[in-house]
Every structure is written in C-alpha cells, then in structure tokens.
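Where a number appears in this text, it was derived from the coordinates with a stated rule and is not lab data. The structure presented is a predicted model; accordingly, all values stated were derived computationally and were not measured. When we count neighbours, we look across all protein chains shown, and the Cβ atoms used for this are built from the backbone with ideal geometry, even at glycine.
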Amino acid sequence: MVGAIVSGLSAQLHVERPSGFVLDIALEAEAGTTVALLGPNGAGKSTSLWALAGVIALAGGGISLDGRVLDDPASGVFVPPEDRRIGALFQDVLLFPHLDVAGNVAFALRARASSQRAADREAHEWLDRFELSDLAAMRPAELSGGQAQRVGLARALAAGPDLLLLDEPLSALDVGSRARVRRMLAEHLSGFAGPRILITHDPAEAALLADRVVVVEAGTVTQTGTPEQILRAPRTAYTADLAGLNLLTGAAGGGMIDVGAGPGLQVADRSVAGEVLVTIHPRAVSIHPSRPTGSARNTWPSTITSIETLGNLCRVQFEHPIPLTAEITVEAQRSLGLEPGTRVWVAIKATEIEVLPG
Amino acid sequence: MTRGRSPRPPSALIPFAVFGVLLFSVPLIGLLVRAPWSRLGTVLSGPVVTQALRLSLISSVAAALIAAAIGVPMAWILARVEFPGRALVRGLVMLPMVLPPVVGGTALLYAFGRRGLVGEALYQATGIVLPFSLWGVVLANVFIATPFLVLTVEGALRNLDPRYESAAAVMGAGRWRVFRRVTLPMIGPSLAAGALLAWARALGEFGATITFAGSLQGRTQTMPLAVFVALEQDRDVAIALSLVLVAVSLAVLVALRNRWWGPS
Amino acid sequence: MHGPTRSAIAVLGALLVTAAACTDDPGAPGSQPLLVFAAGSLSAAFEELGAAYEAAHPGVDVQVSSAASSFLREQILEGAPADVYASADPENMEQVTEAGMARTDPVVFVRNVMEIAVPAGNPGRVTGLADFADPNLLIGLCAPQVPCGIFGRAVLEAAGIEASIDTSEPNVLFLITKIEAGELDAGLVYATDVASSELVEGIAIPPEWNVEAEYPIAVLTGAAHPDEAAAFVAFVLSDSGRSILTGYGFLAP
C-alpha cells in the first residue's frame, strides 16, 4: 500500500507479536497536525510507536512518510530505524543515563552532523532554544520529571525529523510540571512542520493536544474523529466510559479549585495554580442519604435530576450546585430508594480528582 | 546509599553469615600464623618471587583483556540472538567453570599444542609453539577465566532495558554506534566486574597452566606454580609466596570496590 | 519462591539423591582398610601388589594412596593414619624416621634408574643426553624440588651437559603426559615410567652418568594394623612381590 497523503504520514500497521497479540490499525496524519492514538493499557499503542519507528517490523500493511515508503512487507521494502528520520519523545523519556544533557541531545545530532564537534555545538544551540543551558552538564538522574521531558523533546526535535512521535508525554508528571510541559509542547509543536503522533491513555491529554483522535482497543481502531466528536458520540464501552467522565473547568490555587459554583474542590496536589481542567470518574462520585463522615473532604447536598439505567448500573445526574454524573449499581439505587428529586449528599475524595492545566 | 541506620538482618541469617566469614578468614589467619616472618625478606627478594609475580601480573591482566574482547561479543550473541543450539553453545562456553582445570589444560594441549588439532598447522605455518611460552600461559588463563566474564556480561545485557538501544536506533545510530555508545557504557559496571572476576580467576590459575604451558622460572612459572613446587621442598617459601599473592589480590579488590560495587 | 530458583533446587536435589545412590557398598562394617602411602611412580605396581595380597589374605582390604613422596611425607608428619609408607627416595623417608613416625627400620625394596623418554617414533631424533643442549628441541625435566628433578639434574651434571630446558614440571606425571602428547621432544624420567607408557620410547643413559634411586619402605607408628602392615611389607620384599615390581621396570635392590 502507498498512502493517499503525499505530505504526511500514511500507515496501515499490521503487527503480530510472539505473545499472540495482533495489531491492525490504519493511521493517517497530515503535515502540521497532531493525531492522538488513544486507548487503554495493552491496546497496542506502544507497539504502534515501535512499528512506526521500525523497531518492530510489520507483518502486513505499510508505512509511508511524505511519499517515502518506510515499510512495505509486500514489496520487501524496509527502512531501518536509523534511516527513518523520526523524532520521538519516548515514554519514560529514555534519556541515556551515562551521557549528560548536552551529550543526549548531541547523540541525536551526531548521525546527521559532520563531526562530533559540530554535533556538540549544535546541541548547545538547541539547549539554548529550550532554555536548558544551565542543565547542559547534568546527568538525567539529576533532572526533575519536567526537565527530563524538556530535554527529551529537544533531543527528539534536534535532528530535524520528518515525523514526531510523543508517547505519554504528560502522564508521568505531577500536576505542576504538567502545566509547564504542556505549554512547552504547545510552543514547540507549533514550530514543527511535520505530522505528529501523540500516544496516550488520557482523554484529556488527547483533547488538549490533538487535532484528531484515533481510538485503539485490543489492537484495532474502534473510533476516529475530533476529540469533541468522540466525547459527544461514543461508540464503544471504552469511549462511552471516557465520554461519561465529569469534565469541569475552574481556577486552582492553594489546593482548592473554584469551578464557578458550589463549594471549592479540594485536591491532593497543592502546587497547582491557574486555569485547570478537572476530570472526575463517575464511579468516584458517591451518594449518601445523610452527611457522610470519613475521608471524603468534598461533600455537599444536592438533588437528583435524572436516573438512567444501563444493565445493572445506574447513572445518576445532578445539576446544582455542580453538574455531575455518578455511577452506582442498581442494588445501591434500590436500597437507598433513589428517585429523581431525592435529596442526598454527594461526596468525592480529593485523590480521585484529576487536574490538568487548561 | 541510604543514610541513617543500616537495616538489621533477619536473625536466622546471622549464624550462617558468621560461619561463612569464618570459613574465609580462618585459613587466611592460618597462613599469617605459619608465615616465616623473620625470613620473609630474604625469601621474597629472590628472583623466583619477582619473576613469578611479574609473569602472574602480565598473564592475568592480558587474560582479562582478551576475555573481555571475546567474552562481550559472545555474551551479546548469547543474550540477544535466538539460534538453534543456543543452550548448547552457552553450556560449552560455561564448561571451563566446572571442568577440572587440569582436564582443561589437557584439552588445550590436544587442540593448540605442537601436535594439536589447530596447533600443528600453526606450528608448521609459523613455527610458533604455544605451550611452554607466556602466550601459552595467557591462553590457559583465557580459557579458564572467560566464562566468568561471559556470565556477568550476559546477565547485564539481559537486564538492560532494550528500549534504550531502540531509542538510539530511532535517533539515527547504526548498530555499531548503538553498541559502542549505548550498550557498552550502560553495561560498563558489569563489564568491569566481569573483567575483575576473570582477572582474579586468572591470577590464581594453576591446573590448566601447568598442564598446557608447563613451568619454567622466568618464562612460564606464575605465582601459583611457584607456590606449588615450593610446597615440595620448603613450606615457608610456599607460604611467603602465597602471602604475596593474597596481598596483591586484596589490594586490587579493595581498591576497586568503590568503583564497581558502589561505596561501602 | 521463583520458578528458576525452585527448579535449580530441584536439579541440585536430584543430583544429591543420585550421588547418594552411587555410594559404594562400605564392605564389612568395622573392618578398616590397610592404608598404604606409595610414591607416585609406584602407583600401578602397588595396586597390583595390593590386589595380590588381598587374594592371598581374604578379608584384608588394601588401599593404596599415591602422590609425590614429599606430599605423602607431609601428610604423615601432619598425622595421616597410614599404615605403610613407600618413598621414591631415602631423603623423604629419613624425615619420617627422624620425626619418629616409622615403627620399623626402612628397607630398600627396589631401585630405579633415570632414562631418556621420547614420544613414540622419536620425532625430535634424539639419540642421547647431548641433544638436551639443543635449543631447537623442546626439553622437559621435573622441578628441582622433586626427586625426579633432582636426579635428572644430577645426570645432566655428571654428563657435563648444559641443558636447554623448556619446562620444569611439578611431578613426573605432568612431564610424561607432555612427552606422550608429543609436545616435548625429550625428558628425563624414571625407567619405570618409560616401561609403563605405550606412547613413549626409552633411550638408556650410560651407567657412569646415571643416578640410582633407592625406594625405601617402612611401617608407620600411626598404623591401625601394625601386624598386617608388617606382613604386607614382607610380601613386597618377597620373591612374588619382587616379580610384580620388576614387571613394572623396577630393579631389584
């Protein structure tokens, strides 16, 4: 196969792993756009990344980048990883522990540079651009998570790749560094002309960074579209679960988030500040007939507006003071005697509130 | 290392550990007690000791370097490449660890001796005779010591997160550059530990050396061989020689411990 | 417990069980064997002597332990429970008697002479002691610390030859093995060693240069069966004992 897109990535990934896992997905990304590969753990996201990079060979399908065929088992074409001109910000960053920051960036440059010296010089220019010059002589073990991601991105972009792969760039970070790394990503991605593939299991990350989302489950594509389309019209249990997430915006400060109405939400991370996106899983919202005692610090009285039953689960909707959906079992609904109009107490543990810088 | 109180071992471990330490320390104390301290100077200043020590150091260091040169490629292939008979090849490479060294030396003789499978051709083509030469000593040491390095390095390669090497390839590094600049530095500490093990094993090597390379003062007689023949005649000399061997090895092992086994 | 650990323990356990099953039948309980310490060069001859003695004296178990005379001497001086000591030279025996470890006076029971050993076919075309000075030949002796090395050097000195030596082997077994393998062109060993090896040929040394080794035997004070030990020594000295020994190339005293 050769892709329809001349400028960008066109891939039909068919991979068979020794474990028996089979990946079979189509992936297209035009130049200048970011496509998120969204899926649960074990869906085949990392396999896709290594297949695009050429570390795992395809059993079928093909990959072409800007009209250049990188892998085509049918015709026997296989470009090895070192010749693909791909930049990647790997999961866990994978900075080489035995090289300092400058050495890590220079490593990516060395393959294209005329000499080690030229690579070193260019590496320092990149560090300047990423405001990392102070860290040039530091070892990866001495860096914070956010610093490591910045070095990783500099290393991925330094060699001027044709395709950029980003594997869970935010998931390992604490909320405070997420804001900085997200800003940095946004800033540098806008300057990157080629297609970008973002691999993530976090729908908020996909919504924030991607133009288009490809949902992967158990090795196959189950849905594609813009982040809004996917969340508005979920087509599988997994996307429905994602779509059912409580999504709130607010302003954070001092461990509290003001969502514009009702009491402020207490969160576990006190360092977060400014505009934030809050996600709360419906299962993390509990319903009590009277004021609950215990560790849930976010609790307030509310009135049920509607109840929707799906199999043995119920989705319970609240409008005021904060619009929320809770998910409980049918047995729980019956034993508590919950009906639309029932006055109850809603509770959410601080640790169940996911915060993403907006 | 972590600061503060060091952890307390489970009580059941203590008697075994103490017994172990005694097992290693008492024989050494025995040597020290029986050492001919008053004659030590005269015994050790003789040419036998200086020549044997020199040969021992040269041959053991050379053996460790050669073991690294051939052991790392073997370890890489054994750890990474799946091929039929891999288990057999690994067993073969590890065999010298269990083979009585004298048998190893005899096997070397039939392979690389003047009349050996390979040695005969070598002798006829070049006139080189490996037995009874320093090269013979080095070859015997390499044969006995290399498995220790292969074992250590293969373990390190298996424990190395393969994603680092894949990442290096994605960054444009060819296979050789990945090996040179990523794999090798990342297994560096294990390689050093393996080379040190190989060196230590080569330093004490006796059986294969005497069987393959013979023993001649100043040419092939290393410290262990000198100790062995000295035992026949004068135990004091043998003990004095052994003490030198112990002192040299302890000095090296203690000096390098910070480097390769972390501070202690 | 992890799988590999468990299987490693299982394999070791199986080996242990196999090893236990391989143990020899310990024989009649309470019967301690007659332990004979014999010099390395006597090893094969004494195995046959022991078997012949056992055949003539049912119920007696003769065990021969062979090593360099000097090692056996050290073991005796350290209190090894041997009944009989047969040394390849008078010096080692002397140290044992001086330490008061010999119950009976040592008796010389055989003599041995040195001989030039060359690999079968004599590839180095060695004709005599004069060839030992040839630097192009590979020449081996025993180490100067052991009897065969002392004797070998004495022979060369008597012949006035400055030998070009390539190795000094710690014992005669190491030396003869290298000659058998053809790695050495010639070496000086006991005539008995030449007689007992099919892979080497002997070249006699003229009597005026040759050295004679005398082999003494004695019962030890540590003997568990002094009477049986004395009877075994008498058997070694008897005509039938001597005929076994001369069969291995030893000379009558």
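At 222 nm, what helix-only mean residue ellipticity would chain C give, in deg cm²/dmol to the nearest 500, using -39500 (n - 2.57) for each DSSP H run of four or more?
Taking each H run of at least 4 residues, the total per residue is -12000 deg cm²/dmol.
I'd like to know which of A:His281, B:Tyr110, C:Leu138 lies farthest towards the positive end of the charge dipole of the protein assembly as shown, counting +1 on Cβ of Lys and Arg and -1 on Cβ of Asp and Glu.
Projecting each Cα onto the dipole axis, the largest value belongs to A:His281.
Hey, any idea what the orientation-averaged projected area of the convex hull of the range B:47-261's Cα atoms comes to, in nm²?
Value for the range B:47-261: 14.1 nm².
Net charge near A:Val221: determine it from the other residues with C-beta under 15 Å of the C-beta of A:Val221, scoring Lys and Arg +1 and Asp and Glu -1.
Net local charge, A:Val221 excluded: 0.
Mind listing P(r) for chain C? All alpha-carbon pairs, 5 Å bins, whole percents.
Answer for chain C: a P(r) of 1, 6, 12, 15, 15, 12, 10, 9, 7, 5, 3, 2, 1, 0, 0 percent.
Please report B:Tyr110, C:Tyr215, C:Tyr53 as a ranked list, fewest other C-beta atoms within 10 angstrom at the top and most at the bottom.
B:Tyr110, C:Tyr53, C:Tyr215
Using alpha carbon centroids, what distance separates the range B:156-198 and the range A:84-135, in Å?
Cα centroid of the range B:156-198 versus Cα centroid of the range A:84-135: 18 Å apart.
R0 = 51 Å: FRET efficiency of C:Ala204 with B:Val248, Cβ-based, nearest 0.05?
0.65
Using Cβ contacts closer than 10 Å as the measure, can you line up A:Val215, A:Val221, C:Val11 from fewest to most?
Ascending number of Cβ neighbours within 10 Å: C:Val11, A:Val221, A:Val215.
Based on the alpha-carbon set only, what is the convex hull volume of the range A:42-93 divided per residue, in Å³?
Residue-normalised Cα hull volume stands at 89 Å³.
Any idea what the relative contact order of chain A is, in percent, if you count C-alpha pairs under 8 Å spaced at least 6 apart?
Reported as a whole number, the value is 16 percent.
Against the empirical 2.2 N^0.38 Å scaling, what ratio does the C-alpha Rg of the range A:246-357 come to?
Dividing the Cα Rg of the range A:246-357 by 2.2 N^0.38 Å gives 1.06.
Take the protein assembly as shown, drop everything but the C-alpha atoms, weight them equally and run the Debye formula without solvent; then report log10 I(q)/I(0) at 0.08 Å⁻¹ to two decimals.
Here the Debye-derived log intensity ratios amount to -0.89.
Please list, by residue number, every one of the GluC sites (Glu not before Pro) in the range C:57-99 that is coil in DSSP and has at most 11 other beta-carbon atoms within 10 Å.
Of the GluC sites (Glu not before Pro), the ones in loops of the range C:57-99 whose Cβ has at most 11 other Cβ atoms within 10 Å are C:Glu78.
Give me Rg over Rh for the range A:307-358, both radii from the alpha carbons and Rh done the Kirkwood way, two decimal places.
1.02
If I take every Cα pair under 8 Å that is 6 or more residues apart in chain C, average their sequence separation and divide by the length, what percent do I get for the relative contact order?
26
Kirkwood Rh, the range A:166-316, all Cα pairs: how many Å?
It works out to 17.8 Å.
I want the local charge near A:Ala108. Using Cβ-Cβ distances under 15 Å, sum +1 for each Lys or Arg and -1 for each Asp or Glu among the other residues.
Summing Lys/Arg as +1 and Asp/Glu as -1 gives +2.
Determine ³J(HN,Hα), in whole Hz, for all residues of the range C:153-167 in sequence, where each value follows from phi through the Karplus function 6.51 cos²θ - 1.76 cosθ + 1.60 and θ = phi - 60°; x replaces Gly and Pro.
For the range C:153-167, the Karplus curve yields 5, 5, 4, 5, 5, 4, 7, x, 10, 8, 7, 9, 8, 9, 7 Hz.
Using a Gaussian network model of chain A with C-alpha springs under 10 Å, which one of A:Ala53, A:Ala347, A:Ala206 is most mobile by mean-square fluctuation?
Among A:Ala53, A:Ala347, A:Ala206, the largest mean-square fluctuation in the Gaussian network model of chain A belongs to A:Ala347.
For chain A, what is one quarter of the convex hull surface built on the Cα atoms, given in nm²?
Mean projected area of the Cα convex hull: 20.2 nm².
If you wrap the range C:112-212's Cα atoms in a convex hull and average its projection over all directions, what's the area in nm²?
Mean projected area of the Cα convex hull: 5.2 nm².
Compute the long axis of helix C:3-22 from its Cα atoms, compare it with the longest principal axis of the Cα atoms of chain C, and write down the angle in degrees, 0 to 90, nearest 10.
Around 80 degrees separate the two axes.
For a footprinting-style exposure proxy, rank A:Met184, C:Met93 by other Cβ within 10 Å, fewest first.
A:Met184, C:Met93
I need to check one value: relative contact order of the range C:112-212, counting alpha carbon pairs closer than 8 Å and at least 6 residues apart, in percent.
The normalised contact order for the range C:112-212 reaches 47 percent.
Could you state the number of Å between the C-alpha centres of the range A:259-285 and the range C:105-175?
Centre-to-centre distance over Cα atoms comes out at 95 Å.
Mind putting together the pair-distance distribution for the range A:1-114? All Cα pairs, 5 Å bins, whole percent per bin, short to long.
2, 11, 18, 22, 19, 14, 10, 4, 0
Write down, largest first, the equivalent ellipsoid semi-axes of the range B:1-106 in whole Å, where each equals the square root of 5 times an eigenvalue of the alpha-carbon gyration tensor.
Working from the Cα gyration tensor, I get semi-axes of 36, 30, 16 Å.
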